[in-house]
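Notes follow once the structure below has been shown.
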Amino acid sequence: MKRATPRFETRVLTRQDSADLAFFFSTSANTLRFAQRLGRPATRIPLRPRQDGKIRACRPFAPVVPTYGGREQAGAVPKRIIAFLNAPTNRTLARGGMTAGNTNFGEHYCLADPVISRKCGVPDLYRFDLVGTQCDVDRVNADLDLSWKRTGGPDRVPNKHRRTA
């Protein structure tokens, strides 16, 4: 007997529910803390889509995600982020990636960012260590403000803040 494929409910965000940022966090909550410090509208990418359902954005956003795996490219992007960005609408509306990492990962620091950038064809916006510094928060906010102002909204984000270890 063939096993039924589980169907997950997808919640389409309204214009009011959609936000500048879509972030994902699990145990450490580093990306949550960074997103909160930015003080911008933010939507959480569900940790448990089977229970919480999936989301579909309805306006442009910048994803804020952690890097997993430490020293391996395989697994650097959390599976829930891959699923979220594999949805055609979400992929189309993503305007660039911001990634948390750990400088202890050395050359693999924030490895999720170039993976997302390459797969989605979006700029590698910003990389920050763990929860980021106040300088990181200020730079990201200034860049997003300028970008949103130039384009009349979060439609395009320049690829200018590349931070490396």
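The values are calculated or read from the model by the stated rules, or taken from the named source; none is laboratory data. If you're wondering where the values come from, they're calculated on a predicted model, not measured in any experiment. Ideal geometry is used to build each Cβ from the backbone, glycine not excepted, and the neighbour counts take in all protein chains shown.
The set of residues from region 109-142 being out of contact with any strand residue (DSSP E or B) (no Cβ under 8 Å at 6 or more places or on another chain) and either closer than 11 Å to Val64 by Cα or part of a helix (DSSP H, G or I) (or both) comprises Val115, Arg118, Lys119, Gln134, Cys135, Val137, Asp138, Asn141, Ala142.
Going by the structure shown, is Ala42 among the small types (Gly, Ala, Ser), modelled with pLDDT under 85 and farther than 24 Å from Gly69 by Cα? The answer is no for Ala42. Does Ala74 satisfy being buried (at least 21 other Cβ atoms within 10 Å of the Cβ), outside any helix (DSSP H, G or I) and hydrophobic (A, V, I, L, M, F, W, C)? No.
Exactly one residue among Arg95, Arg56 is modelled with pLDDT of 85 or more, among the charged types (D, E, K, R), within 17 Å of Ala22 (Cβ to Cβ) and touching a strand residue (DSSP E or B) at 6+ places or on another chain (Cβ under 6 Å), and that residue is Arg56. In region 37-59, the residues that are without any contact (Cβ under 8 Å) to a residue 12 or more places away in the chain form Cβ pairs under 9 Å with partners that are outside any strand (DSSP E or B) and buried (at least 18 other Cβ atoms within 10 Å of the Cβ), at six or more places apart or across chains, as follows: Asp52/Pro46.
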